[in-house]
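One structure is given here, and the rest of the page talks about it.
The values are calculated or read from the model by the stated rules, or taken from the named source; none is laboratory data. Just so it is clear, the structure is predicted and the values come from calculations on it, not from any experiment. Because the Cβ atoms are built from the backbone with ideal geometry, glycine has one as well, and the counts that use them run over all protein chains shown. Heads up: the accessible areas ignore ligands, DNA and RNA and are worked out on the full protein's heavy atoms, side chains in. Shrake-Rupley method; radii C 1.70, N 1.55, O 1.52, S 1.80 Å.
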Amino acid sequence: MMSADHRISRGSDFSRTLKRGVRSTTRDLVVSVAVVPTMWPDPSGRRRTVDMTGGPWLGLIVSKSVGSAVVRHRVARRIRAAFRSVMDSAPADETFVVVRALPGAASVGSDQLAEQLREVFGRRRVRQLAPNAAPSTGRLSTGGPSTNKVSGVRE
């Protein structure tokens, strides 16, 4: 389970991320990403509060169009598990991520949701939010040569 420290809980943070963040869509998710400035005073007028440490932070929007209450809670748990596995791919530590689940999210597992989040974090528009962050290839490093899963050929 993801700790409460990594959840967006204030409505103002949701609104700010949805209005000013970069929005990216995948097959089952609409993801809004906003990097929170760490310097003070912040020239953009946005700032983080003192109690916010150790991001990135996740906010979820799972509407009734996704399914019944049981289905919506299952989707929310899967998205949280997916986010926990790809947190390191976020453009910066100080990042707000709001995920809106589309109806198709009810029929996919957390592995596919994690792949979609990883794809969003790897997109150029999202990466440009934090220019000092190291570029991510979207792959987990195993230390050895990688094998292409489709063709079985080593890269």
Quick test for you: out of Arg80, Arg74, Arg123, pick the one residue that is at pLDDT 85 or above, in contact with a Ser or Thr (Cβ under 8 Å, 6 or more places away or on another chain) and closer than 25 Å to Asp13 by Cα. Arg123
Unmet criterion (only one of (1) under 26 Å from Ser12 (Cα atoms); (2) at pLDDT below 85) for Ala69: (2)
Residue by residue through the stretch 62-90, note down the ones that are of a type in the set (Gly, Ala, Ser) and either surrounded by fewer than 19 Cβ atoms within 10 Å (Cβ to Cβ) or over 18 Å from the mean Cα position of the chain (by Cα) (or both). Ser63, Ser65, Gly67, Ser68, Ala69, Ala76, Ala81, Ser85
Taking the stretch 4-48 as the region of interest, how many residues are in a strand (DSSP E or B), modelled with pLDDT of 90 or more and surrounded by 14 or more Cβ atoms within 10 Å (Cβ to Cβ)? 9
How many residues of the stretch 91-112 are in a helix (DSSP H, G or I), touching a residue at least 12 places away in the same chain (Cβ under 8 Å) and either open to solvent by 20 Å² or more (accessible area, probe 1.4 Å) or of a type outside the set (A, V, I, L, M) (or both)? The answer is 6
